[in-house]
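Just so you know, all these numbers are worked out from the coordinates, no wet-lab data involved. The model shown is predicted, which means the values in this text are computed figures rather than measured ones. Note that each Cβ is placed from the backbone with ideal geometry, even for glycine, and that neighbours are counted across all protein chains shown.
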Amino acid sequence: MNKHIHDLLIIGGGPGGSSAAFWAASSGLDTVFVEKKVFPREKTCGDGIPPRGVHQLMEMGLEKKLNDYHRFNGLRALAHGKTLEMSWPEHSTYPQHGYVVRRCDLDQFVAENAVNAGASLLQGVEALRPIEGQDGAIEGAVLLDKATESEFEIYAKYVVIADGANSRFGRSLGASRDKSLPMGIAIRGYFESPLHDDPWIESSLDIQDRNGNAMPGYGWIFPVGNGTINVGIGLLSTFRDYKSINTSHLFEEFAHSLPEYWGINPDKPIAPPTGGRLPMAGSVGPKSGPNWLLVGDAAGSINPFNGEGIDYAYETGRLAANLIIGAVEHDDPAILTRYSGMLEDEYGLYFRVASLFGRVIGNPVLIRELTRIGMRSQPLMEWALRVMANLLRDEDKGFAEAAYQTIANIVRLVPDRLVHN
Ligand SMILES: Cc1cc2nc3c(=O)[nH]c(=O)nc-3n(C[C@H](O)[C@H](O)[C@H](O)COP(=O)(O)OP(=O)(O)OC[C@H]3O[C@@H](n4cnc5c(N)ncnc54)[C@H](O)[C@@H]3O)c2cc1C
């Protein structure tokens, strides 16, 4: 019997995988995506979809669906006893609002949207290992149907790897994380709150360890609109005691420090909090092989400024799908060699600025001073929000280069022992 060879096999049904599946299937590619869990499935996340992510969801025709969920119009920043409320900046491409949608809902409806566009979704099916072809190409994957515990194979001309932060499939193809770039860790839980439908998301910018040292990261409170709020705390790996951090303790302390208006019982999260790793700044590579591409967290696509990754997973999934559509059309796998260059054009400089910034704020003195200065000026913080949410406008052209130079100069001025701790 002839084996069926799909145009595209995608490993993972999260934002990266479902976006790749939607765009490929919409162009008529014979697309199959496999997800090891069964929807609706939990995914540890802050559940905040920033404007870039909303834009991608709108592009996939999901604007109406988003109306069922909690919309936020801006960010309330808290630090050093001060509060600033900032609307999302205007932008010609991105909307001026975001949504909070629990990932059990979001990932299910985005995956269903890809199925409606013509992709086949196999749930409860785990990709165990690649079927190796010639010269680093892969012919498909060996899969496990978890319900029947039976193994089977799927063959495809192209493979997109969207299996998330741990990316075992990507690692088996030789991808690894560049440890000189920052990584994040974060933990979150849900609490009942009378302010569950507050129109602002909130960030605490002056988080500290038990000894009162400032830490590079922030605490968040994202109202979910269903009677609950998502509370979490995220840190960068750029400070001295990173490895000894106990995130559960940090979470408990943060929950107890929440402003009273949230009205939570900090000892009673709805379920035990859970955490995860955030591979950032394009830190995982190589991102492509002869007929495969990495997207989303599997490629380390998270923004080091703020830990956003849903939007970058949608974007990289779409970029990968577009290249594969061209490769299938022209029967030319060499088109995939453009992927790394496209990612560099789109995110390279921005991620370098963000990584440098991460190194700077790894120093407790600098982070305290920067937040203190920032909180004194609404325009300065609005500018910072635009930068950190990657919502730069055409008129900001040249800004990234300038910011990079400024931060590079600061790093040069700061003694090494302070930057590296
Ligand atoms: C605590 C925390 C809070 C965060 N908060 C936010 C936030 O508020 N906003 C934001 O934008 N980003 C946030 N992020 C980052 C965001 O969650 C990720 O960037 C995003 O989920 C990446 O999407 P992805 O599709 O690449 O990977 P994932 O969402 O991890 O999806 C990967 C999918 O692949 C499946 N899979 C894995 N291995 C296999 C296999 N072998 N076979 C089949 N299926 C497989 C998994 O089950 C999963 O469904 C947060 C991260 C953490 C840890």
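Quick one: of the DSSP bridges fully inside the chain, what percent are antiparallel, nearest 5?
70
What residue among Ala156, Ala271, Ala77 shows peak mean-square fluctuation when the chain is described by a Gaussian network model with Cα springs under 10 Å?
Ala271
Which Cα, out of Phe239, Ala156, Gly184, lies furthest along the positive dipole direction of the chain (beta carbon charges, K/R +1, D/E -1)?
Going by the charge dipole, the pick is Phe239.
Please find, in a Gaussian network model of the chain (springs between Cα atoms separated by less than 10 Å), the residue of Gly46, Gly234, Gly174 whose mean-square fluctuation is greatest.
Top of the fluctuation ranking is Gly174.
Would region 165-250 count as rounded, prolate or oblate if I go by the C-alpha gyration tensor, calling it rounded below 1.5 in a/c and otherwise prolate when a/b exceeds b/c, oblate otherwise?
In terms of gyration-tensor shape, oblate.
Specify the longest stretch of the chain that does not include any exposed loop site, a site being one of the GluC sites (Glu not before Pro) with a non-H, G, I, E, B DSSP assignment and at most 13 other Cβ atoms within 10 Å.
150-421
Under the Kirkwood approximation applied to all pairs of distinct alpha-carbon atoms, what is the hydrodynamic radius of region 204-263 in Å?
12.4
Provide the net charge surrounding Met86, with neighbours chosen by a C-beta distance below 10 Å and charges set as Lys +1, Arg +1, Asp -1, Glu -1.
0
GNM on the chain, C-alpha springs below 10 Å: top fluctuator among His196, His80, His97?
The residue with the greatest mean-square fluctuation here is His80.
Through the Karplus equation 6.51 cos²θ - 1.76 cosθ + 1.60, θ set to phi - 60°, convert the phi angles of region 106-123 into ³J(HN,Hα) values in whole Hz; use x for Gly and Pro.
These are the phi-based 3J(HN,Hα) values: 4, 5, 5, 6, 6, 5, 5, 5, 5, 5, 4, 7, x, 7, 9, 10, 10, 9 Hz.
Taking region 1-135 on its own, what percent of its Cα-Cα pair distances exceed 19 Å?
58
Please say if the chain is rounded, prolate or oblate, where rounded means a/c under 1.5 for a ≥ b ≥ c the square roots of the C-alpha gyration tensor eigenvalues, and otherwise the choice is prolate for a/b larger than b/c and oblate otherwise?
Here the chain falls in the prolate category.
Set the bar at 26 Å for Cα to Cα. Now go through Lys43/Lys268; Lys36/Lys243; Lys3/Lys36 and name every pair that lies beyond it.
Lys36/Lys243
With only Lys, Arg, Asp and Glu charged, each at its Cβ (+1 for the first two, -1 for the last two), find how big the charge dipole of the chain is about the Cα centre; round to the nearest 20 debye.
1140
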